[in-house]
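Please read the structure below before turning to the comments.
The values are calculated or read from the model by the stated rules, or taken from the named source; none is laboratory data. Predicted model, so just to flag it, every value in this text is computed and none were measured. Positions of Cβ are generated from backbone atoms using ideal geometry, with glycine treated the same way; all protein chains shown enter the neighbour counts.
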Amino acid sequence: MSDPSPTRPTLGITALGMYVPERVVPNSDFEARMDTNADWIESRTGIRERRFAAPEQYTSDVGVLAVRDLLRRDPQALQGVDAVICATVSPDALMPSTAALIAMQVGLTGAAAFDLSTACSGFVYALSVAQGLILAGSARRVLVVGAEALSKIVDQNDRNTAILFGDGAGAAVVGPVPAGYGFQDFIMGADGNGGSSLYLRCVAPTLPGGFQMGDSVGMNGREVFKFAVRALGDSGTQVLAKSGLTTADVDWVIPHQANVRIIEAAMDRFGLPMSKTIVNLDRYGNTSSATVPLVLREGVDAGQITDGQQLLLIAFGGGLSWVAGTMKWWGGAPSLTADSKAQQQAEVNA
Ligand code: ACO
């Protein structure tokens, strides 16, 4: 770990929740309305199905449900939270922020609230921003929500994009953890020159230079693929070096879930086997800022991620943007134990 000042508190994730909508959309659903087939989608991406939000369900709604899951697991988890960050590329509105809408519905009215827009890098970016807010003395604890209703902003007749994306949300509280645990280092970056590889029009019709954007997500898949493999490999290697670690120290690589072939290529660059990473894109597709917390939550619930393990978080997204983070998993809080869901069920049944 790089040398933190002795007075600097150690910060990490102290609570975690998730939500995915009920509606399951298998690959075969796309066959009827576009020139594609289920086998092509699975073999080229690893995705078998994804979840779509209900017609009346938007990003703040799925975000709130992820926070409620966190509260079910640990009713005290939001105590001391005085800032809320929502990482999203599919906000309910430009204003009010989706973060403010979520805060209002989970009892955090009055807390600072803002959205963070780095697409699929957003959740890990937001962890770093949350750490900064706390270290600066601007917040005691921060609620970070990665929430998306991508099905609303993707053209469901465009085979380049429709097959890739799903809806979902993850929520984490960032706060003090015992010494030796929690966040070590982050590397973040962005390059607007890659803006035309992944875009969605809002106010301006064009990007600087004149590139015309459309009203639903547009993507140059091959360019994003090449960028992703490079960005994940480079930023992951840099953050490990910054923390004084090597790939041999890593228990789990937690990657953004866009395409299993991108994850395989990144693991190959790290010289690590696929057994050192967790993949759930087969069931959820690419949920942008929600992928990393969904993987963390499911990894803990499955008993894979356990107390004291070394994690490497890596993500890339629109911007183009990239982020990597090192953290020692702290499993000491009530919502971070693998059996908390089983315990709740037992309490419900009792
Ligand atoms: N079904 C059937 N065929 C298709 C489909 C489809 N849905 N899409 C493309 N094809 C065809 C192409 O037309 C092409 O045909 P051709 O050879 O006759 O020209 C062929 O399949 C191969 O096309 P490629 O684009 O080379 O396919 P590739 O193997 O690169 O896979 C994919 C495409 C899945 C989009 C891949 O490039 C990818 O995953 N890129 C990264 C995308 C990504 O990660 N996006 C999310 C970014 S994160 C964020 O911030 C939102």
Given the conditions (1) within 30 Å of residue 135 (Cβ to Cβ); (2) part of a strand (DSSP E or B); (3) in contact with a Gly (Cβ under 9 Å, 6 or more places away or on another chain), every one holds for residue 51 apart from (1)
Filter segment 157-172 for residues that are surrounded by 18 or more Cβ atoms within 10 Å (Cβ to Cβ) and either assigned to a loop (DSSP other than H, G, I, E, B) or of a type in the set (Val, Ile, Thr) (or both) and give the result.
161, 162, 163, 164, 166
If residue 287 satisfies every condition in (1) within 18 Å of the chain's Cα centre (by Cα); (2) modelled with pLDDT under 95; (3) not aliphatic (A, V, I, L, M) but one, which is the exception?
(2)
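Taking residue 243, is it modelled with pLDDT of 95 or more, within 15 Å of the ligand (Cβ to nearest atom), of a type in the set (Gly, Ala, Ser) and over 15 Å from the mean Cα position of the chain (by Cα)? Steps first, answer last, please.
Working: modelled with pLDDT of 95 or more: yes; within 15 Å of the ligand (Cβ to nearest atom): no; of a type in the set (Gly, Ala, Ser): yes; over 15 Å from the mean Cα position of the chain (by Cα): yes.
So residue 243 does not fit the description; no.
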Condition check for residue 153: closer than 21 Å to residue 280 by Cα and within 12 Å of the ligand (Cβ to nearest atom)
no
If you check 179, 171, 231, which single one turns out to be in contact (Cβ under 8 Å) with a residue 60 or more places away in the chain, within 13 Å of the ligand (Cβ to nearest atom) and out of contact with any Pro (no Cβ under 6 Å at 6 or more places or on another chain)?
231
Give the residue that is nearest to the ligand (Cβ to nearest atom), with candidates limited to residues of segment 292-328 that are closer than 18 Å to residue 239 by Cβ and polar (S, T, N, Q).
321
With the checklist (1) within 20 Å of residue 170 (Cβ to Cβ); (2) within 16 Å of the ligand (Cβ to nearest atom) in hand, flag the one item residue 252 doesn't pass.
(2)
Could you grab the pairs with beta carbons closer than 8 Å, sequence gap of 6+ or different chains, first residue in segment 105-124 and at positive phi, second one within 13 Å of the ligand (Cβ to nearest atom)?
119/89; 119/198; 119/288; 119/289; 119/317; 119/318; 119/319; 119/321
